[in-house]
1. Has the stretch 52-63 got any residue that is among the hydrophobic types (A, V, I, L, M, F, W, C) and out of contact with any strand residue (DSSP E or B) (no Cβ under 9 Å at 6 or more places or on another chain)?
2. Considering only the stretch 54-70, I want to know if a residue exists there that is closer than 17 Å to THR115 by Cβ and in contact (Cβ under 8 Å) with a residue 40 or more places away in the chain.
3. Please report, ordered by residue number, the strands (runs of 3 or more DSSP E) entirely within the stretch 42-121 with at least 1 residues that are open to solvent by 60 Å² or more (accessible area, probe 1.4 Å) and under 22 Å from ASN32 (Cβ atoms).
4. Yes or no: the stretch 24-41 includes at least one residue that is small (Gly, Ala, Ser), free of Cβ contacts under 8 Å to residues at least 40 places away in the same chain, open to solvent by 20 Å² or more (accessible area, probe 1.4 Å) and not in a strand (DSSP E or B).
5. Would you check which residues across the stretch 46-60 are modelled with pLDDT of 95 or more and within 17 Å of THR77 (Cβ to Cβ) and list them?
6. Identify, by number, the condition in (1) at negative phi; (2) at pLDDT 95 or above that SER84 doesn't meet.
7. Name the residues in the stretch 3-20 that are under 15 Å from GLU75 (Cβ atoms) and open to solvent by less than 30 Å² (accessible area, probe 1.4 Å), would you?
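The values are calculated or read from the model by the stated rules, or taken from the named source; none is laboratory data. None of these values were measured; they are calculated from a predicted model. Ideal geometry is used to build each Cβ from the backbone, glycine not excepted, and the neighbour counts take in all protein chains shown. Side chains are part of the model used for accessible areas, which takes the heavy atoms of the whole protein and leaves out ligands, DNA and RNA. Shrake-Rupley method; radii C 1.70, N 1.55, O 1.52, S 1.80 Å.
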Amino acid sequence: QVQLVESGGGLVQPGGSLTLSCAPSGTIFSINAMAWYRQAPGKQRELVADITSGRGTNYADSVKGRFTISRDNAENTVYLQMNSLKPEDTAVYYCNLNLRTSWRRAAADYWGQGTQVTVSS
């Protein structure tokens, strides 16, 4: 059973930085796209950034120029470097990986458990 393990959340002051990471536990055959989503209280979950297997990236307008998504294929890990954080970035952040657990199985989406990011003075 594959689970995604997230780390790196916490409390940071406005203007500060945090780096989130996410990696799967268990046996993985291949990983396609990797992404980060977030959900603030009372709001719908939204896409923050994603990165393809070819390292093409896409960002929400609200984080462009401040956040950077990257991946380490050797470690099956996706990162989200968050700079110049604002109070409106406060949310639970979730990683999402589209992966195959074996050559016999089709790709499927897996979600992390979520990590809280709070931006406050």
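1. no
2. No, the stretch 54-70 contains no residue that is closer than 17 Å to THR115 by Cβ and in contact (Cβ under 8 Å) with a residue 40 or more places away in the chain.
3. 46-51, 57-59, 67-72, 77-82, 91-100, 108-111
4. Within the stretch 24-41 (the criterion being small (Gly, Ala, Ser), free of Cβ contacts under 8 Å to residues at least 40 places away in the same chain, open to solvent by 20 Å² or more (accessible area, probe 1.4 Å) and not in a strand (DSSP E or B)), the answer is no, since none of the residues qualifies.
5. Correct list: VAL48, ALA49, ASP50, ILE51, THR52, THR57.
6. (1) is the only condition that SER84 fails.
7. Across the stretch 3-20, the qualifying residues are LEU4, GLU6, LEU20.
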